[in-house]
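Enquirer: Below is a structure I'd like to ask you about.
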Amino acid sequence: MKSLFGLAGKRIMVIGGGQGMGEATARLLASLGCSVAVLDLELERAQRVAAACRAHDVSAVPFGVDVTDDDALVATIARVEHEFGALDGMATIVGMAAWSPIVEMTTETWDLDHKRNLRYFFLAAREVAKRLLARQAPGSLVCVASVDGIVSAPYHASYGAAKAGLINLVKTMAFEWSGRGIRINAVAPGGIVTPRIPFGGDKERESMAGLPMGRRGTVDDIAKAAAFFLSDLSPYVTGQTLAVDGGYVGTGIFSRKPPDVAPGGTMGMDKR
Ligand SMILES: NC(=O)c1ccc[n+]([C@@H]2O[C@H](COP(=O)([O-])OP(=O)(O)OC[C@H]3O[C@@H](n4cnc5c(N)ncnc54)[C@H](O)[C@@H]3O)[C@@H](O)[C@H]2O)c1
């Protein structure tokens, strides 16, 4: 299994690896023999995840950083390469939405969502790619976008626009870097159960009933998609965004009940 992924012995930095999708990604990479640098705003979270990763007999080093601080982010990536080792790839997980109708949205809110979803990714990808290009080394980068960057994002427009920017930036980075052996892709989650947005019981079951798969996904669903892009399972794939969303974007159907298909395929019409 490990040789199928080709991740054994690789070094990957997971930004926002302290819980949820980031933790699941770091743990999955470690289980595939990959060493991980776990970056998070909350150093204790990064320390806990790094310790769990080391149980797989790989190197795992925690780093504390606030990705919305440009200088700190750039300096931390330099530290990661110095203290952890030359990177083969990166996964960026950090992202969050502010909720407000557009007519009430302030420029501060707009800028905050762009900083914590789009701007930091531009900086981190630039810093990692610069080093890979200087070493003439191949690499793979993956970011977490959102289905809200593919469809509309009512009442969280600043987030949707930032995630759409991420999806476009991935395409441009793929164009500029793929000739030099660097692949870059995005995972776009739909509704996912996370420590920040836990399962909502019966109310959630009801609201998810119109989704083709009828439920929210798990953090492991996102980790598996990220590992696919980082691994040798996707050697000819770059510039893509994969929606991991229970069928939401692919079918374009939400809140519509499936047709009532009667035996014999009459779609609910009376047989007379
Ligand atoms: N949960 C969903 O349903 C859903 C849907 C679509 C997209 N997403 C995207 O998935 C990603 C993860 O979302 P989540 O809610 O699971 O994440 P989360 O809020 O649990 O955060 C993940 C980690 O990032 C760290 N972090 C937060 N701000 C940081 C900062 N400024 N600097 C460094 N680290 C920071 C947190 O401490 C945490 O450990 C985001 O990009 C989000 O936009 C989530």
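Enquirer: Regarding Gly16, is this residue within 15 Å of the ligand (Cβ to nearest atom) and touching an Asp or Glu at 6+ places or on another chain (Cβ under 7 Å)?
Expert: yes
Enquirer: On the basis of being under 25 Å from Ala125 (Cα atoms), among the basic types (Lys, Arg), over 13 Å from the mean Cα position of the chain (by Cα) and surrounded by 17 or more Cβ atoms within 10 Å (Cβ to Cβ), does Arg183 make the cut? Before the answer, list the steps.
Expert: Values: under 25 Å from Ala125 (Cα atoms): yes; among the basic types (Lys, Arg): yes; over 13 Å from the mean Cα position of the chain (by Cα): yes; surrounded by 17 or more Cβ atoms within 10 Å (Cβ to Cβ): yes.
Judged against the criteria, Arg183 is a match.
Enquirer: Give the residues of segment 40-51 that are of a type in the set (A, V, I, L, M), over 16 Å from Ala223 (Cβ atoms) and within 9 Å of the ligand (Cβ to nearest atom), sorted by residue number.
Expert: Those that are of a type in the set (A, V, I, L, M), over 16 Å from Ala223 (Cβ atoms) and within 9 Å of the ligand (Cβ to nearest atom): Leu41, Ala46.
Enquirer: Still on this model: Hey, can you tell me all the residues within segment 25-56 that are in a helix (DSSP H, G or I) and open to solvent by less than 10 Å² (accessible area, probe 1.4 Å)?
Expert: Thr25, Ala26, Leu29, Ala30, Ala46, Val49, Ala50, Cys53
Enquirer: Evaluate the following for Gly18: is it outside any helix (DSSP H, G or I) and either open to solvent by 10 Å² or more (accessible area, probe 1.4 Å) or under 21 Å from Met173 (Cβ atoms) (or both)?
Expert: On the way: outside any helix (DSSP H, G or I): yes; either open to solvent by 10 Å² or more (accessible area, probe 1.4 Å) or under 21 Å from Met173 (Cβ atoms) (or both): no.
Criteria not met by Gly18.
Enquirer: Looking at segment 86-101, which of its residues are without any contact (Cβ under 8 Å) to a residue 60 or more places away in the chain and of a type outside the set (Ser, Thr, Tyr)?
Expert: Residues of segment 86-101 without any contact (Cβ under 8 Å) to a residue 60 or more places away in the chain: 99-101.
Matches in segment 86-101: Trp99, Pro101.
Enquirer: When segment 213-237 is examined, which residues are found to be open to solvent by 50 Å² or more (accessible area, probe 1.4 Å), assigned to a loop (DSSP other than H, G, I, E, B) and closer than 19 Å to Leu141 by Cβ? Outline the logic, then answer.
Expert: Step one: of segment 213-237, the residues open to solvent by 50 Å² or more (accessible area, probe 1.4 Å) are 213, 215, 218, 220-221, 224, 228, 232-233, 235-236.
If we keep only those that are assigned to a loop (DSSP other than H, G, I, E, B) as well, we get 213, 215, 218, 232-233, 235-236.
Residues satisfying the conditions are Asp232, Leu233, Pro235, Tyr236.
The values are calculated or read from the model by the stated rules, or taken from the named source; none is laboratory data. In this text the structure is predicted, and so the values were computed from the model without any measurement. Please note: Cβ atoms are built from the backbone with ideal geometry, for glycine as well, and neighbour counts cover all protein chains shown. SASA here: full protein model, heavy atoms, side chains in, ligands and nucleic acids out. Shrake-Rupley method; radii C 1.70, N 1.55, O 1.52, S 1.80 Å.
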